[in-house]
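Undergrad: Quick one: the structure is below, questions incoming.
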Amino acid sequence: MNTQRNDHPFYFNIHALKPEFRAMSPASGALLRTASSEAHNRELDMHISATHLFDPAKSPTGGAIVLAIAIVQPDSVGTLRLRSRDPKAAPLIDYDFLAEARDRRRILEGVKISR
């Protein structure tokens with residue numbers, strides 16, 4: 001069994017835009033790397049992104065913006081194992097997202113910020 005650091009736990013909110021703000025062109029976005037209240041030694045352990053890259057047909061107003069957060073240095077560790085000797089068989093991946101309490105606290109902090 002090989003233990004690996006997880007990918008980034010990620011959460012996003014989608015907010016409908018008022019009709020007068022629907023026409024955002026060209027496509028753009030923003031990414032902010034920041035420290036959570038639990039960051040260690042000046043660590044930038046969270047990123048917050050904003051983009052309007054969302055299918056406007058799915059918004060009740062015809063436009064939306066996505067606010068997302070991710071923990072970029074998770075403490076939780078998952079596993080990656082071979083399913084079999086068959087190279088075509090997909091591996092067994094257990095991300096074990098948010099297994100560590102600190103990761104859960106940080107993702108909740110990010111959700112509050114993004115709201």
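Each reported figure results from applying straightforward, stated rules to the coordinates on display, with no laboratory input. On a predicted model such as this, the values are computed, not experimentally measured, just so you know. No Cβ is skipped: glycine too gets one built from the backbone with ideal geometry, and neighbour counts run over all protein chains shown.
Undergrad: For the stretch 2-114, what is the convex hull volume of its Cα atoms per residue in Å³?
TA: 148
Undergrad: Under 5 Å between amide hydrogens, which residues at least 5 positions from residue 72 or on another chain qualify, with H placed 1.01 Å from N in the peptide plane?
TA: 46, 47
Undergrad: Treating only the Cβ of Lys, Arg, Asp and Glu as charged (+1, +1, -1, -1), what charge dipole size does the chain show about its Cα centre? Round to the nearest 20 debye.
TA: Rounded to the nearest 20 debye, it is 160 debye.
Undergrad: A further question on this structure: Would you work out which of 12, 52, 71 lies farthest towards the positive end of the dipole of the chain? Charges go on Cβ: Lys and Arg +1, Asp and Glu -1.
TA: Most positive-ward Cα: 52.
Undergrad: Same structure again: For the stretch 26-115, what is the relative contact order in percent, using Cα pairs closer than 8 Å and at least 6 residues apart in sequence?
TA: This gives 24 percent for the stretch 26-115.
Undergrad: Follow-up question, since we're still on this one. At what distance in nm do the modelled label points of residue 112 and residue 39 sit from each other, each positioned 7 Å from its Cα along Cα→Cβ?
TA: Taking the two extended label points, one gets 1.7 nm.
Undergrad: Determine, for each peptide in 49-61, 100-112, the mean count of other beta carbons within 10 angstrom over its residues, then list the peptides with the highest first.
TA: 100-112, 49-61
Undergrad: If you don't mind, another one. Compare the peptides 65-75, 12-22 by average per-residue count of other Cβ atoms within 10 angstrom and give them in order, highest first.
TA: Averaged packing, sorted descending, gives the order 65-75, 12-22.
Undergrad: Also, I was wondering about something else. May I ask for the angle, rounded to the nearest 10°, between helix 101-114 and the longest principal axis of the chain, with both axes built from Cα atoms and the value confined to 0 to 90°?
TA: 10
Undergrad: Which value in deg cm²/dmol, rounded to the nearest 500, describes the helix-derived mean residue ellipticity at 222 nm for the chain, given -39,500 (n - 2.57) per DSSP H run of n ≥ 4 and division by the residue count?
TA: Rounded to the nearest 500, the figure is -4000 deg cm²/dmol.
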